[in-house]
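Only one structure is covered here, and it is reproduced in the block below.
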Amino acid sequence: MTDLTQLEADLTGRIAAAADAAALEAVRVEALGKSGSISELLKGLGKMSPDERREQGPKINGLRDKVAAAIAEKKAALDAAELDARLASERVDLTLPPPPERKGRVHPTMQTLDEMIAVFGEMGFALAEGPDIEDDFHNFTALNFPPNHPAREMHDTFWLPPNETGERKLLRTHTSPVQIRVMQQGQNGKLPAWIAQGQAPPIRVIVPGRVYRSDSDATHTPMFHQLEGLVIDRDIHMGHLKWTLDAFTRRFFETDAVVTRFRPHHFPFTEPSCEMDVQCDRSGGSIKIGQGTDWLEILGGGMVHPNVIRNCGLDPDEWQGFAFGMGVDRLGSLKYGMPDLRDMFAADVRWLEHYGFSAFQAPNPATGLS
Ligand code: DAH
């Protein structure tokens, strides 16, 4: 005969000691499960004599009710404790400062480009763009590079493999092909919308973009950025070009102390052609503008060659203009004092932290340069 008092003490002790829902469930199965100790006792009632049953029945049923109640009570306590723990661990303290976020920086090239666009924007230039992958016609032929002329080699072109028709495309070596795309008549609707479409003169556009040449040293990188300018109107002359570039340079460098010099040069697509240098000091591992005895070439320009105007379907006796192309990265390195152009594209995070601009503090001519 099972000692009911002992069994009750044993079960209630284990219920009280159950540390979690799984331990409590194990006790419940052991006592009240199909072959649990109390279930077995209840089954035994059927085999007893009526007298015995009358005596044992209420005791065993009472024990079952007590144990069931103890389990229910313990289960409620465990559930409450678990909820308290979760609430405590998942509590969000809204008064804490947010965790620090990694801040990106505006790359000096993009900062420089924004500033250049803003300065030319003030002068009334509109923006145009063209594709990085160009064809020989736009990059060379239409720009008056004669076939097989050594000037084509001068550009250290990256050529792409021939396509199905045998044509070899190239990575544009300068932004000048966009001059053609802007001037070329009858192109509307035949090109993707973002590519410059032929527009009727008068034309006043700037063209920023990436250009590519197989060349690398402290002042050359295989990919760099240029900003092209093109003005086509009646009675345009070299004086307009000089004034525009001088005014741009003073505004861009934010000083009247900047000294420029124009040298005669040769480009197939301009006649006459020139290059412009800015005076600077390159001693001591950095570049300072407006002082020193060094000159750094920052752009080429000239009067658009009549053949180029003719190649675009315009009459050179009616329309003239000037064009220029400048190195964006080079202008940025001059303004912000970076001696080696290759650092611009080395993707060195420490360099970017140092020379990059905060998106919120970047000086920008659109909002006042400084
Ligand atoms: N495309 C020339 C280069 O990359 C730069 C240039 C020179 C652009 C004279 C012009 C120009 O528009 O008129 O070296």
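Structural remarks
- Against the test of being crowded, with 18+ Cβ neighbours inside 10 Å, away from the ligand (no atom under 11 Å from the Cβ) and under 25 Å from PHE248 (Cα atoms), the options SER333, SER273 yield a single qualifying residue, SER333.
- Considering the stretch 244-260, and only residues there that are open to solvent by less than 40 Å² (accessible area, probe 1.4 Å) and among the polar types (S, T, N, Q), the residue that is nearest to the ligand (Cβ to nearest atom) turns out to be THR244.
- Given (1) in a helix (DSSP H, G or I); (2) open to solvent by 50 Å² or more (accessible area, probe 1.4 Å), number of the condition THR109 does not satisfy: (2)
- Note on the stretch 132-159: residues that are part of a loop (DSSP other than H, G, I, E, B) and surrounded by fewer than 19 Cβ atoms within 10 Å (Cβ to Cβ) total 8.
- Test result for GLU318, closer than 30 Å to VAL258 by Cα, charged (D, E, K, R) and either near the ligand (Cβ under 10 Å from one of its atoms) or more than 37 Å from the chain's Cα centre (by Cα) (or both): no
- Some residue of the stretch 232-239 being touching a residue at least 12 places away in the same chain (Cβ under 8 Å), assigned by TED's automatic domain parsing to the domain that holds ASN144 and away from the ligand (no atom under 16 Å from the Cβ): yes
- All positions within the stretch 1-43 that are outside any helix (DSSP H, G or I), at pLDDT 90 or above and more than 60 Å from the chain's Cα centre (by Cα): GLY33, LYS34, SER35, GLY36
- Of residues in the stretch 164-200 being touching a residue at least 60 places away in the same chain (Cβ under 8 Å) and within 16 Å of the ligand (Cβ to nearest atom), the one most open to solvent (accessible area, probe 1.4 Å): GLN184
- Failed condition for ARG263, given (1) within 16 Å of the ligand (Cβ to nearest atom); (2) buried (at least 20 other Cβ atoms within 10 Å of the Cβ): (2)
The values are calculated or read from the model by the stated rules, or taken from the named source; none is laboratory data. Small disclaimer: the values here were computed from a predicted structure and weren't measured. Virtual Cβ from ideal backbone geometry, glycine too; neighbours counted across all protein chains shown. The accessibility values were calculated without ligands, DNA or RNA, using every heavy atom of the protein model including side chains. Shrake-Rupley method; radii C 1.70, N 1.55, O 1.52, S 1.80 Å.
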